[in-house]
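Chemist: Right, I'll just put the structure down here and ask away after.
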Amino acid sequence: MSAVQTSSPTPDDTRQRGPLAEVLFSLLRSGTFLTGLVIVLFWVGCAIFGEHFAPYDPLADDIINALAPPSAEHWFGTDQIGRDVFSRVIVGSRDILTVAPLATLLATVAGTALGLITGYFRGIVDDVVSRILEAFMAIPVVIVALLAIVALGTSKTTVIVVIGLSFAPIIARTVRSAVLAERELDYVAAAQLRHESALHTMFVEILPNVIPPILVETTVRLGYAIFAVATLSFMGFGIQPPSPDWGLSISSNYGMIGGGFWWTVLFDALAIASLVIGVNLAADGVHGALND
Amino acid sequence: MVFLGGQVLPGNVGRAILGPFADQRAVDALNHTLGVDRPLLTQYATWIWNFVRGDMGTSYIFRSPVAPFVIDALGNSMKLAAVAFVLVVPIGILGGVVAALNLNRPLDRIISLGGLSVTVLPEFVTGIILILIFGVWLRWLPISAAWPRDAGFFTQLYYLILPSLPLFLVLFGYIARMARSGMIEALDSDYTRTAVLKGLPWRTVIWRHVLRNALLPTITVIATQTGYLIGGLVVIETLFRYQGIGSLIFTAARGKDFPMLESGILTIGIVYAVATLAADFLYSVLNPRIRLGSDQ
């Protein structure tokens, strides 16, 4: 922190920097953002390199040592077929950190396109599309997911598509309101007078100017996507065994916590909690930096 | 009464009447959309659900009519949701009000940050942690919501405390945050300053002037969280093995019991629509401006 503070700029510096550098600087000075970033990067590191430093193979069972409480040998104990919980928690970050960002990406792309179209054309297009999107938003994600998975079967792709499409309307709504304000500005009128096509005006002229709200919304959505992926895995509708995914591990072990085997679920629960809070802290930081 | 009816009816009427008021606080784009578009939304939701539904039909798995299962489950879910709401609405509002009155002081920070942190956590995560603390380590509360047969009201309540807590935590953050920002806005307003300058006691100013205006947006949030709450119920009821509408849908989805699944979801759609209408109604009761607006 002190290193960051000493490099904090004097007012003169601020004037010379471009808007992007400005945002980056206020991000790096935001304790909330940095805390969130550290937590998220920690889990990303585990997802990428976890296999190499996990003490055991997360999938290797060892029935003789099943349900062993935490010890020097197994820091977080072992689960019902003797798999090392510590290794599973580390490697368990992989699936959720693949599925959730991909779903968020899909939501952002689809939502941005829809938001640009509804905001730019307004009128009947806006009315029709917006009402359909609102109908979608009225249904809880879990319910949509249940229906989709009954219809399409369980796979990571289904989860990505379901969460992506459920979140797209929310992003579309944010983009739409930003576009509504932008399209009244002179540069849009200028583009129209030059007879630029609607597509050009939307994606080349307006889009770069509505990036900040899209960024904020995307980081916030990533938090919710992790929430949703974890929940779906816990319900058995998301990531499938034998993945050491956190939600999945909790769902296969929570039946036994009445017997006092707390270590089989606690660490997975804490892992999800820390990741979700980390992403939300980072999102909060991005929100603050872009709205100053 | 006619004006009230027109406002409560979903569709363009409601939108037109709500519009002018929503513009007034257009600062909050989200609020705006929620306030303005909600009636249309329920209309569409209900319409689509009717389309999907067909009839209540017969369960594929139980080979008997679906209706009694759905009604039973809905009753159970209502009990759980009621416990969560009875806990969260007053405590959430109180939290927001206390935070606003202590703006930027440590107490505000604790309530805001704490509320934000617990709100973003999935229900099954807080559920598991709460089960471990209160059910397994302290042994204060039962870890399953399935109470013994013929349990009385208080026994049922006792079994419902733990399942309702994760829902409480998720909703607390939302409600407290809305109440807090509503309070801040109301405290900052001209009418509050007038009331203070008139020499009214601080307590009266808070109760009569600030709270009444501050809580309007909060009511909308509480109503919109009903949809969210239903999603949460699916998870919580599974985690605590509780025979509610959420676990009914979950079981039906797993067993591909479509009549059960569809009527369960339709029921949820109806509950959601009713909750939204009730919120609109409550809103107009608390905010005379909406009625005046429709008079012109």
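The values are calculated or read from the model by the stated rules, or taken from the named source; none is laboratory data. Here the structure is a predicted model, which is why all the values come from computation and not from measurement. Note that each Cβ is placed from the backbone with ideal geometry, even for glycine, and that neighbours are counted across all protein chains shown. Areas reflect the complete protein model, heavy atoms only, side chains present, ligands, DNA and RNA absent. Shrake-Rupley method; radii C 1.70, N 1.55, O 1.52, S 1.80 Å.
Chemist: With respect to B:Val235, is the statement that it is surrounded by 21 or more Cβ atoms within 10 Å (Cβ to Cβ) and either modelled with pLDDT of 75 or more or polar (S, T, N, Q) (or both) true?
Modeler: Yes: the conditions hold for B:Val235.
Chemist: Right, here's the next one. Of the residues in segment A:99-117, how many are in contact (Cβ under 8 Å) with a residue 60 or more places away in the chain, open to solvent by 10 Å² or more (accessible area, probe 1.4 Å) and under 14 Å from A:Ile211 (Cα atoms)?
Modeler: Residues flagged as in contact (Cβ under 8 Å) with a residue 60 or more places away in the chain, open to solvent by 10 Å² or more (accessible area, probe 1.4 Å) and under 14 Å from A:Ile211 (Cα atoms) within segment A:99-117 amount to 2.
Chemist: To continue, here is another question. Only one of (1) over 21 Å from the mean Cα position of the chain (by Cα); (2) surrounded by fewer than 22 Cβ atoms within 10 Å (Cβ to Cβ) fails for A:Thr157. Which number is that?
Modeler: Unmet for A:Thr157, out of (1) over 21 Å from the mean Cα position of the chain (by Cα); (2) surrounded by fewer than 22 Cβ atoms within 10 Å (Cβ to Cβ): (1).
Chemist: Do you know which of the residues in segment A:118-128 that are of a type outside the set (A, V, I, L, M, F, W, C) and free of Cβ contacts under 8 Å to residues at least 24 places away in the same chain is least open to solvent (accessible area, probe 1.4 Å)?
Modeler: Among those that are of a type outside the set (A, V, I, L, M, F, W, C) and free of Cβ contacts under 8 Å to residues at least 24 places away in the same chain, it is A:Gly123.
Chemist: Related question: Find all pairs meeting these conditions: Cβ atoms under 9 angstrom apart; at least six residues apart or on different chains; first residue within segment A:249-261 and over 15 Å from A:Val89 (Cβ atoms) and more than 10 Å from chain B (Cβ to nearest Cβ); second residue among the polar types (S, T, N, Q) and open to solvent by less than 20 Å² (accessible area, probe 1.4 Å).
Modeler: From residues that are over 15 Å from A:Val89 (Cβ atoms) and more than 10 Å from chain B (Cβ to nearest Cβ), the pairs are A:Met256/A:Thr264.
Chemist: Against the conditions (1) aromatic (Phe, Trp, Tyr); (2) within 23 Å of B:Leu216 (Cα to Cα); (3) within 14 Å of chain A (Cβ to nearest Cβ), where does B:Phe85 fall short? Just the number, please.
Modeler: (3)
Chemist: Do you know which of the residues in segment A:237-266 that are farther than 26 Å from A:Thr157 by Cβ and of a type in the set (Val, Ile, Thr) is surrounded by the most Cβ atoms within 10 Å (Cβ to Cβ)?
Modeler: Taking the candidates together, the pick is A:Val265.
Chemist: Condition (residue is at pLDDT 75 or above and either basic (Lys, Arg) or open to solvent by 30 Å² or more (accessible area, probe 1.4 Å) (or both)) applied to segment B:254-264: is it met by at least one residue?
Modeler: no
Chemist: Can you tell me how many residues within segment B:162-215 are closer than 25 Å to B:Ile230 by Cα, open to solvent by less than 10 Å² (accessible area, probe 1.4 Å) and modelled with pLDDT under 80?
Modeler: Going through segment B:162-215 one residue at a time, the tally reaches 0.
Chemist: Taking the condition of being more than 8 Å from every other protein chain (Cβ to nearest Cβ), without any contact (Cβ under 8 Å) to a residue 24 or more places away in the chain and assigned to a helix (DSSP H, G or I), how many residues in segment B:115-142 meet it?
Modeler: 1
Chemist: Could I ask something else about it? Determine which member of the set A:Ala228, A:Ala271 is part of a helix (DSSP H, G or I), touching a residue at least 60 places away in the same chain (Cβ under 8 Å), over 14 Å from A:Gly77 (Cβ atoms) and touching a Phe, Trp or Tyr at 6+ places or on another chain (Cβ under 7 Å).
Modeler: The unique qualifying residue is A:Ala271.
Chemist: Of all residues in segment A:160-190, count the ones that are of a type outside the set (Gly, Ala, Ser), more than 14 Å from every other protein chain (Cβ to nearest Cβ), buried (at least 18 other Cβ atoms within 10 Å of the Cβ) and within 30 Å of A:Gly238 (Cα to Cα).
Modeler: So the answer is 2.
Chemist: Being surrounded by fewer than 23 Cβ atoms within 10 Å (Cβ to Cβ), at the interface with chain B (Cβ under 10 Å from one of its Cβ atoms) and more than 15 Å from the chain's Cα centre (by Cα) is the filter here, so list the residues in segment A:267-292 that pass it.
Modeler: Once the filter is applied, which keeps residues that are surrounded by fewer than 23 Cβ atoms within 10 Å (Cβ to Cβ), at the interface with chain B (Cβ under 10 Å from one of its Cβ atoms) and more than 15 Å from the chain's Cα centre (by Cα), segment A:267-292 yields only A:Leu270.
Chemist: Which of (1) at pLDDT 75 or above; (2) more than 29 Å from B:Leu211 (Cβ to Cβ) is the odd one out, the single condition B:Ala275 does not satisfy?
Modeler: Of the numbered conditions (1) at pLDDT 75 or above; (2) more than 29 Å from B:Leu211 (Cβ to Cβ), the odd one out for B:Ala275 is (2).
Chemist: Then there is this: Tell me, please, whether a residue that is open to solvent by 30 Å² or more (accessible area, probe 1.4 Å), part of a helix (DSSP H, G or I) and modelled with pLDDT of 80 or more can be found in segment A:74-91.
Modeler: Checked segment A:74-91: at least one residue is open to solvent by 30 Å² or more (accessible area, probe 1.4 Å), part of a helix (DSSP H, G or I) and modelled with pLDDT of 80 or more.
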